[in-house]
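This report concerns only the one structure given below.
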Amino acid sequence: MKRRQFVQGLGAAGIATGLAACQRSDENTVAVSNRRFNWKIVTTWPPNFPIFHEGVERFTKDIAKMSNNRLRITVFAGGELIPALQSFDAVSQGTVEMGHGAAYYWSGKVPAAQFFTAVPFGLNAQGMNAWMYYGGGRELWQEIYQPFNLTPLPMGNTGVQMGGWFRKKIDSIADLKGLKMRIPGLGGKVMAKAGVNPVLLSGGEIYTSLERGNIDATEWVGPYHDLRLGLHRAAEYYYYPGWHEPGPTLELIINSDAWQQLPEDLQLIVENAAAASNLWMLAEFEAKNLAALKTLREEHKVNILPFPDDVIATLKQLTKEALNEEAEKDATFAKVLKAYRAFAADNAQWSALSEAAYAKTLS
Ligand code: CA
């Protein structure tokens, strides 16, 4: 098919049909049109939030350059256009074409969405990427978002987070009882089983609540973001590892009608820019966390401690129970849990001989 005739001969409405015809007639030709698209993306992050929001800015600039401005996407931080946690609905309804956030924010609508962010004692960043790109995870994710007219893609990862800041020392599982802790998602459900009172607070409320003693503990992200929030001035003990969020994946959501209107080359540009951002954000976290950890340890003399073995063992057991309980309440959750557990079990066996075994040689 001659591309110019293809482009000139079709109005916007005919593009999808023309695209399919073009793909059929010559599989080596990527369908291109000169049509320009002006899209909007809303994030769930505060304006200029490092790594997350900045990563989205870079993603849209790259797409504009790679597409020679055929796809221009304007970025709005949480609250600038619509409230942060309404982005799922806004993209679903087509008010905006794209959103960036974390799938577990939508657990109230889709409990199984939590698997596509993080599961306590589950996959780390490397495991999540393996599951998403090669292990069937992305297909399951697309399936559960399909009824909402959304197409999801992985776009960013924090790596293993920290366990959190505590105002008192934790020597055993009994020390967790009665603590008020900011911890969202499945991690919060597990902590509740250990006698913790989990509370939900946005990033902006954490420091003051902890500093005033309204909460006894909080998790946030890792050394880089935690140092930036000044949490070392509000609590004495910094625990690791982040068993509750071992490799949280961030998500790009795209309105499926808008997605289907993009020609194939622009779809490929978006997919590859999202994959590049997925890698870039993880790399940036890794580099910035190690510098911030040094500052917390050497400059601020923070007590950085591992959770005691019995605390980890108990939380692991409680995680199994919490996941099973969620599966009993929701059939889709049960379906994804089955697939996730099968992949994670194989991943753990391989990791024991590779990443985990190698990590032991470093200490
Ligand atoms: Ca966190």
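The listed residues are Glu236, Glu211, Glu205, and the only one of them that is under 21 Å from Asn289 (Cα atoms), assigned by TED's automatic domain parsing to the domain that holds Lys316 and acidic (Asp, Glu) turns out to be Glu236. Within segment 67-90, no residue satisfies the criterion of being within 22 Å of Pro263 (Cα to Cα), surrounded by fewer than 18 Cβ atoms within 10 Å (Cβ to Cβ) and touching a residue at least 40 places away in the same chain (Cβ under 8 Å). Restricting attention to segment 54-66, the residues being touching a residue at least 40 places away in the same chain (Cβ under 8 Å) and of a type outside the set (A, V, I, L, M) number 4. Quick check: anything in segment 143-151 of a type outside the set (Ser, Thr, Tyr), free of Cβ contacts under 8 Å to residues at least 12 places away in the same chain, away from the ligand (no atom under 16 Å from the Cβ) and part of a helix (DSSP H, G or I)? Yes - at least one qualifying residue is present in segment 143-151. Is segment 127-143 home to any residue that is at positive phi and surrounded by fewer than 24 Cβ atoms within 10 Å (Cβ to Cβ)? Looking through segment 127-143, at least one residue is at positive phi and surrounded by fewer than 24 Cβ atoms within 10 Å (Cβ to Cβ). For segment 299-340, residues that are assigned to a helix (DSSP H, G or I) and exposed (fewer than 15 other Cβ atoms within 10 Å of the Cβ) total 14. Select from segment 216-249 the residues that are surrounded by fewer than 20 Cβ atoms within 10 Å (Cβ to Cβ) and closer than 19 Å to Ile312 by Cβ and write down the one among them that is farthest from the ligand (Cβ to nearest atom). Going through the qualifying residues, I end up with Tyr237. Could you list, in sequence order, all residues of segment 192-209 that are touching a residue at least 40 places away in the same chain (Cβ under 8 Å) and within 14 Å of the ligand (Cβ to nearest atom)? Hit for segment 192-209 is Gly203, nothing else. Residue selection: Ile254 satisfies the criterion of being modelled with pLDDT of 95 or more and either in a strand (DSSP E or B) or within 16 Å of the ligand (Cβ to nearest atom) (or both). Those strands (runs of 3 or more DSSP E) of segment 31-134 in which at least 1 residues are under 17 Å from the mean Cα position of the chain (by Cα), considering only elements entirely within it, cover 37-43, 98-101.
Of the set (1) more than 16 Å from the ligand (Cβ to nearest atom); (2) closer than 20 Å to Val221 by Cβ; (3) of a type in the set (Val, Ile, Thr), all apply to Thr158 but (1).
The values are calculated or read from the model by the stated rules, or taken from the named source; none is laboratory data. Keep in mind that what you see is a predicted model, and the values were worked out from it rather than measured. Here Cβ is always computed from backbone atoms with ideal geometry, including for glycine, and neighbour counts include all displayed protein chains.
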